Structures are given as structure tokens and as C-alpha cells.
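To start, the structure under review is shown below, and the notes come after it.
What follows is calculated from the coordinates using simple rules that are stated; it is not laboratory data. None of the values given here were measured: they were computed from a predicted structure. Reconstructed Cβ throughout: ideal geometry from the backbone, glycine too, with neighbour counts over all protein chains shown.
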Amino acid sequence: MTFEPPLPSPDDGVAALSSVLAEVRGVDAEVASAEARRVRALARAGHLALDAAAGVRASSKAAEMALREVASEIAAAECVSDRSVQAQISRAMTLADDFPVTLDAWEAGVLTRAHVRVIVDAGTPLPLERRHEFDVLAVATAEGLSPGRLKTRLAALTESLQPTTLTERHRRGRQTRCVRVVPGEDGMSDLIATLPTVLAVGIYDRLVQQSAALVDLRREAPMNPDTGGAADTRTADQLRADILADLLLTAAPDADPTRVDDGPGTLGSIRARVQVVVPALTMLRPGDENLDPADLVGHGPIDATTARALAEATALPWDRVVTHPVTGAVLRTDTYHRTTAIDRHLRARDRHCRWPGCTAPAIRCEVDHTHDYALGGATDVSNLAHLCQRHHSQKQFTRWKVRQLPGGVLEWTSPTGRIYTDEPLPYSPAVRFLPDEPALTTPPSPPPGGPEPEPEPEPAPF
């Protein structure tokens, strides 16, 4: 008799992975607790230094020297830099004093070091009297979010708690714009430009697009004739750096393989792209922009003035997003700007002003939202119609009312309550089906010897 060993259960792998996961999570909680306790100890060390400095003389220099003394003591014991320890003490004091709820959650293993860093970085720009409220809300917001997504959420929360508007702070921040060079090693340096975020992101986006275009060209023609037939092996980072130098020094990328002698090539025509979300109420009430600031997607809030300038300057359509007032879920999207297809359809359907009796051609008219866009009207053919300038104004500023019925029919109601209907002028059908003419119809012959056919009955009178 032979016995075969039992086959492993198909759940063995899952159980093993679950065990590993539980161990990792347990160690993470222990590490988080230990890190939080170390932060508390460093914060106490900092307060000891400040208390000692206060007993001697109240000055910033005395406080600095006291912190340096304590930091050097800890650094010497740990064989690390005293500057590094002093910076750790300063951050620990900020976290323990201004964000105690965050520190408690970290020690309990609810938050990771990355989450804590995001919360402190987002809350530090707030005045001291606003940080406690931010601390409580930030920990509640962090649940179930990665540090990256938490950073985006907290940016808006920070703005809602600022005592001054983002526009005011951006105006001050613009005064710090500059360009500087930080010398490096091996003949290299860092060129750093401090710019408004929209401009910085736009510049980087243009470089990304141009470098991607070069990579695509390299795939099609891997041998570069400008380098003696050698293959172009530059990385994306290297390409962006080279293109930036070309743009700043020559106004157009000299490295553009598609450039001809009489002008810039494909790369020169690439323009920057940014994605901006502008709440409607922020546009209408800029003084309340902190409650729901405009957002440069992927980078954080921007001031209402910049958002308004972008809205006014761009020739591209803006999408309207209708959201639930409580949950914020997207209910519907559309755009105020019409597509080319919509314009063609409306010109073909209307052909003239849709005010009853007006014959102004559509190409001389304005396209109007029958139900105002600002009041929720959609930008589609079932809510658009041509009106000449005179009748467009009359619709806006008099007691005349209009609604659009299926098929593009407009139903106008006068101030006295009378209703006038304007229907799109139909096109003549391309193919017509006509009845046979009576003169060309040959009646059937009676069968031989059979009775005469009975005459058709006369139609009954109305």
C-alpha cells in the first residue's frame, strides 16, 4: 500500500501572504510609535534649551546658542551632525506644540512618517491660532489616503483656514521671483528660477512635450545625421535640459531635427499646457476664494487673479463640471464653448434668426443658450439657437420668454401671455414620391363575357 502526500491547499499562498502582511503592519506600527516617541524626546530637549536661555537673557541669539548646545550633546552621542540634530529638534518642537493630534495618531500607528510630513508641511504656513483646527481636520482627512492624495486635499484645507486671500499672498510672493545659479561639481551648476507656479508648470510641460517629440523622431530615425551618424542616446532629463538651454539662448530649439533654414521646426510650435479648475463662486466672489480656491491640477491652489487671467486669455473651451452640493460627486459635465460640429448643425438647422418673422441670416446672428448657461442650461443643439443682436437683447432685457421644444422648435411667450411658435424652415426632400397621374392609369380589362367592373364609390363628404 502506498500513500501519496496530500496536495497543498490552494489557500496556502494566501495564508502565507496574510501572515507577512500582518507582520509588516505590526512592525510599521512599532516603528511609528518609536519615531513619535523620539520626536517627543527631541521636543522636550528643545524646550529645555529655551527654558535655560530664558533664564539668562531673552534674545534670539541666546535661544539659538542654547539649542545648538543641546543639539551638539545629542549629536555627539549619536555620531551625527549637530546641524542635522538641531533641525530635527526644531521640527520636533513644531510637531509637538502645533500638531499634537497628528503626533498622537503617528504614535498610535494610524499615520506614517510620510503622512506626518505632508500634514506639517501643509499646516506650517498657517498662523499659530489656526493650526489646532487644521491639525484635527488633517488627521480626519488622512484616513484611507496616500500621502500624495492627502497633500492635494490638505492644500485646499489650508487655503480655507488662511486669514488672507491667496491673491494677496500671491501678490507678495511674486516679489520673490528670481533666477540664481548654484555651482556644482565637475563643471556643472543648477540654474534655479523661482516663478509663479502656473508659469513654472507651463514651462516644464512645454519641455516635456518637446522632449517627447524628439524621442518619437528618434524612434523613426535612430541615426542622427547632425552627430555624424551616431545614435542619439540622451535621456528624457538630458533632452529637457538641452532644449531649455536652446530656448533661452536662441529663442527656438536648435536641436530640432525638423527645423529648416527659414524658420523653427515642429518643436518651436509646441506650447505649454496646464489644467486649471476654477470654482464658479470663486470667479464671482474673489474675496471668498479661500473657501474653494482655484486649483492647478497636480500642484495645488492658485490665486483667483491668475485663474481669471487664464480664463480670459485662453482660446480653448472650458469644461463645466456640475457636482453634488453635499458629496461633491460629479453629476454632469459640459462646456460653454460650442464645438465646430454644433455650429455647423445650428447654421444648417436655423438658417436665420429664430425670432418669429425675422430673416436675418444665421451667419450674422449670435448663438444663444435658450435656457441660460449660468442657470444650468446645456451647451448642445437642443438648447441653442441663432438670434440677431436686436432680438438677443430683447430676449435678455424684456419680459419675453422662450423655451425650446424637441426638433429645434422655439415657443415664444409675449408679456401679455400670447404664444408664438417658430419652427426651423424644413429643407425640400431630395427624393419625392408622387402618386400616379389618373390619365396615365389604365383600368383593368373585364374578363371575356364577364360583368363590367363596378365603379369606385364616391368619397363621403366632410
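Spin-label pair L375-R83: with each label point 7 Å from Cα along the Cα-Cβ axis, the two points sit 6.6 nm from one another. Summarising the amide proton neighbourhood of I302: residues at separation of 5 or more, or on other chains, whose placed amide H is nearer than 5 Å comprise A294, D295, L296. C365 sits among other residues whose Cβ lies under 15 Å from its own Cβ, and their net charge, with Lys and Arg +1 and Asp and Glu -1, is +4.
Here the extension length gained between L284 and Y204 equals 25.8 nm, from 0.36 nm per residue of separation less the Cα-Cα distance.
When a footprinting reagent is the concern and you count Cβ atoms within 10 Å, what order do D350, D190, D97, D292 take, fewest first? Walk me through the numbers before you get to the answer.
Details: D350 23, D190 9, D97 14, D292 18.
With the fewest neighbours first, D350, D190, D97, D292 line up as D190, D97, D292, D350.
Starting from the Cα-Cα distance between L145 and I192, subtract it from 0.36 nm times their residue separation and give me the gain in nm to one decimal. Mind dumping the intermediate values first?
On the way: separation 47, 0.36 × 47 = 16.92 nm, distance 3.21 nm.
So the extension gain works out to 13.7 nm.
For L384, the amide hydrogen comes within under 5 Å of the amide hydrogens of T370, counting only partners 5 or more places away or on other chains and with H modelled in the peptide plane. Across the range 95-109, computed HN-Hα scalar couplings (Karplus, 6.51 cos²θ - 1.76 cosθ + 1.60, θ = phi - 60°) run 5, 5, 7, 9, 10, x, 5, 4, 5, 4, 5, 5, 5, 7, x Hz from first to last residue, x flagging Gly and Pro.
In what sequence do F397, F99 fall when counting other Cβ within 10 Å, fewest first? Write out the running numbers ahead of the final one.
Details: F397 8, F99 24.
In order of increasing Cβ crowding within 10 Å: F397, F99.
Rounded to the nearest 20 debye, the dipole size of the range 16-164 about its Cα centre is 280 debye, using +1 on the Cβ of Lys and Arg and -1 on the Cβ of Asp and Glu. From a point 7 Å beyond the Cα of E73 in the direction of its Cβ, which residues of the range 93-113 have a backbone N at a distance under 16 Å? Flagged as within label range: none.
Note that the range 344-353 has calculated 3J(HN,Hα) couplings of 4, 4, 5, 5, 5, 6, 7, 6, 8, 4 Hz, one per residue in order, obtained from phi through the Karplus relation 6.51 cos²θ - 1.76 cosθ + 1.60 (θ = phi - 60°); glycine and proline are x. From least to most packed, judged by other beta carbons within 10 angstrom and beginning with the fewest, M65, M93, M188 follow the order M188, M65, M93. Relative to the globular-protein estimate of 2.2 N^0.38 Å, the Cα radius of gyration of the range 16-164 stands at 1.18. If the Kirkwood radius is taken over C-alpha pairs of the range 340-422, then at 25 °C and 0.890 mPa s the Stokes-Einstein diffusion coefficient equals 192 µm²/s. Subtracting the Cα-Cα distance of R117 and S33 from their residue separation scaled by 0.36 nm leaves 28.7 nm. Taking Cα centre as origin and charging only the Cβ of basic (Lys, Arg, +1) and acidic (Asp, Glu, -1) residues, the dipole magnitude of the range 340-422 rounds to 240 debye. With θ taken as phi - 60° and the Karplus curve 6.51 cos²θ - 1.76 cosθ + 1.60 applied, the whole-hertz 3J(HN,Hα) list for the range 37-47 is 5, 5, 4, 4, 5, 5, 5, 5, 4, x, 5 Hz, x standing for glycine and proline.
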